[in-house]
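Notes follow the structure.
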Amino acid sequence: MIIIMQRYIPTLAGVRRILTISKGLGEKGVCVKIVFLSTSCGLKCEEQIPNVSFEYWGDSISCKNQFLGVVSSAWKLLFKLPKKEPIYYYGLIPLVMLLLSFHKRNYYHEFTEYPPFIFGKGLYGHIQQKLHIHFMRCCKNIFVISKRLKKYCVDRGVNEKNIYILNMLVDNNRFAYLSRNPKERYIAYCGNGENFKDGVDGLIKSFAIIAKKDLDIKLYLLGKGPQSDIDVQKEIIRENHLENRVCMLGLVSANEVPSILMNAEILALDRPNNIQAEYGFPTKVGEYLLTGNPIVLTKVGELSDFLVDGETCLFAEPDNPEDFATKLLWLLTNEKEARKIGEKGKIVAQNNFNYKLETDKIIRLLK
């Protein structure tokens, strides 16, 4: 099987998801090649996964010339894909879907975001949506991460029998050989670093509230969003004099991420209440839970289908920095109860998001 996705950035939840899917397939004897279409600017996956290999199309040129990188990847999509290999496309890039449509074969397609938001408004956005709908109808099977996204597909004429919900995935061994050994107390966030999707600006505002308390605690931010979002985040940090309390770590290697998450006092995701949260499902929550550390989340989307406030996590009101700060503060000042919540959350992840069970859904369809 060939899995196609945009780029390799280790802090992105989508990358972690595809690596975990590939591991599940590889362990069942399926040979997988993951193709990253656009530049990763030198970043390479360092994990050794049985039966899984990697290709980085366009890397040699797209760091220097983005247009040439796109042309190079497009040419390979048209002429270099093996004829008999099943293709699994993860993402919503219109050009990729258009080029793949030229091949007369069955495709497996997965997306975890609300397409109209990704494509935008106006004529161009409308054309992209139509292209995606056409591509979905041509695919052998569609995989989505939420009930709302499944309904979105059905409402646009995709056969419901061809649509499968592929839950959040966790590898129970990812943190198995790590133990907590923190050098300082900190709250951690890991993701794409965006304000609209992940509410990083709101998280910093919440941290500013608890930073006024007499607590020796920092905030670690893993991931790098658009420069405009970074500028907003830095301004909030500056206004609240948090330069020595908020650590913007940016893109860190995949090998570093597990230990940073494991050693955190709390893991946090302050996702706003918007259309993206309503249809999606934050896959990073699976890794958060698997650490056994307590987590604070905003109650958006379908998270409450799996998690219970006060038992397996703490839910805060979305778009409410004061409430989010209150939940953070409670965990920081009730460490015994916080550890119990974290351990119960870990059990939820192990029982509901096992990657082996989820990837079996794909294997059954390949036969």
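The values are calculated or read from the model by the stated rules, or taken from the named source; none is laboratory data. Just so it is clear, the model here is predicted, and its values are computed rather than measured. Please note: Cβ atoms are built from the backbone with ideal geometry, for glycine as well, and neighbour counts cover all protein chains shown. We work out accessible area using only protein heavy atoms, side chains counted, and drop any ligands, DNA or RNA first. Shrake-Rupley method; radii C 1.70, N 1.55, O 1.52, S 1.80 Å.
Since Tyr220 meets every condition but one in (1) without any contact (Cβ under 8 Å) to a residue 12 or more places away in the chain; (2) open to solvent by less than 60 Å² (accessible area, probe 1.4 Å), which condition does it not meet?
Of the numbered conditions (1) without any contact (Cβ under 8 Å) to a residue 12 or more places away in the chain; (2) open to solvent by less than 60 Å² (accessible area, probe 1.4 Å), the odd one out for Tyr220 is (1).
Restricting attention to the stretch 63-85, does a residue exist that is in contact with a Ser or Thr (Cβ under 6 Å, 6 or more places away or on another chain), more than 23 Å from Phe306 (Cα to Cα) and not in a helix (DSSP H, G or I)?
Restricting attention to the stretch 63-85, the residues satisfying the condition of being in contact with a Ser or Thr (Cβ under 6 Å, 6 or more places away or on another chain) are 63, 69.
Checking the rest, the ones that are also more than 23 Å from Phe306 (Cα to Cα) come to 63, 69.
With not in a helix (DSSP H, G or I) added as a condition, the list becomes 63.
Yes, the conditions are met somewhere in the stretch 63-85.
Does any residue in the stretch 168-187 that is farther than 14 Å from Ala349 by Cα come within less than 6 Å, Cβ to Cβ, of a residue that is among the hydroxyl-bearing types (Ser, Thr, Tyr) and buried (at least 19 other Cβ atoms within 10 Å of the Cβ) six or more places away or on a different chain, and which pairs are these?
Sorted first by the residue in the stretch 168-187, then by its partner, the pairs are Tyr186/Tyr220.
Looking at Asn244, Asn263, which is the one that is touching a residue at least 40 places away in the same chain (Cβ under 8 Å) and of a type in the set (S, T, N, Q)? Can you show your working first?
Details: Asn244 fails: touching a residue at least 40 places away in the same chain (Cβ under 8 Å).
Checking each option against the conditions leaves just Asn263.
Return yes or no: is Gly58 open to solvent by less than 10 Å² (accessible area, probe 1.4 Å) and at pLDDT below 90?
On the way: open to solvent by less than 10 Å² (accessible area, probe 1.4 Å): yes; at pLDDT below 90: yes.
Yes, satisfied.
Take residues that are closer than 21 Å to Ala13 by Cα, open to solvent by 20 Å² or more (accessible area, probe 1.4 Å) and of a type outside the set (Ser, Thr, Tyr) and tell me which of the helices (runs of 4 or more DSSP H) falling wholly in the stretch 90-193 contain 2 or more. I'd like the intermediate steps shown before the answer.
Values: elements: 94-100, 115-119, 122-138, 147-155.
Ranges flagged: 115-119, 147-155.
Among the residues of the stretch 221-261 satisfying the criterion of being among the hydrophobic types (A, V, I, L, M, F, W, C) and farther than 22 Å from Leu43 by Cβ, which is farthest from the chain's Cα centre (by Cα)? Walk me through how you get there before you give the answer.
Start the filter on the stretch 221-261 by keeping residues that are among the hydrophobic types (A, V, I, L, M, F, W, C), which leaves 221-222, 230, 232, 236-237, 242, 246-249, 251-252, 254, 257, 260-261.
After this cut, where a residue has to be farther than 22 Å from Leu43 by Cβ as well, the list is 232, 236-237, 242, 246.
Numbers: Val232: 22, Ile236: 25, Ile237: 25, Leu242: 27, Val246: 22 Å.
If we take residues in the stretch 221-261 being among the hydrophobic types (A, V, I, L, M, F, W, C) and farther than 22 Å from Leu43 by Cβ, then Leu242 is farthest from the chain's Cα centre (by Cα).
Considering only the stretch 329-356, how many residues are under 19 Å from the mean Cα position of the chain (by Cα) and not in a strand (DSSP E or B)? Explain how you work it out, then say what you get.
If we filter the stretch 329-356 for residues that are under 19 Å from the mean Cα position of the chain (by Cα), which is where we start, we get 345-346, 348-350, 352-356.
Subsequent filtering for residues that are not in a strand (DSSP E or B) retains 345-346, 348-350, 352-353, 355-356.
Result for the stretch 329-356: 9.
Which ones in the stretch 21-36 are open to solvent by less than 10 Å² (accessible area, probe 1.4 Å) and either closer than 15 Å to Val257 by Cβ or touching a strand residue (DSSP E or B) at 6+ places or on another chain (Cβ under 8 Å) (or both)? Talk me through it step by step, then tell me what you get.
Of the residues in the stretch 21-36, the ones open to solvent by less than 10 Å² (accessible area, probe 1.4 Å) are 21-22, 24-26, 32, 34-36.
Residues satisfying the conditions are Ile21, Ser22, Leu25, Gly26, Val32, Ile34, Val35, Phe36.
Anything in the stretch 329-367 that is open to solvent by 80 Å² or more (accessible area, probe 1.4 Å) and aliphatic (A, V, I, L, M)? List them, or say none.
Within the stretch 329-367, Ile347, Leu357 meet the criteria.
Looking at the stretch 203-214, is at least one residue in a loop (DSSP other than H, G, I, E, B), at pLDDT below 95 and either of a type outside the set (D, E, K, R) or closer than 27 Å to Phe353 by Cβ (or both)?
From the stretch 203-214, those in a loop (DSSP other than H, G, I, E, B) are 212-214; that's our starting set.
Subset that is at pLDDT below 95: 212-214.
Retained after the next criterion (residues that are either of a type outside the set (D, E, K, R) or closer than 27 Å to Phe353 by Cβ (or both)): none.
Within the stretch 203-214 (the criterion being in a loop (DSSP other than H, G, I, E, B), at pLDDT below 95 and either of a type outside the set (D, E, K, R) or closer than 27 Å to Phe353 by Cβ (or both)), the answer is no, since none of the residues qualifies.
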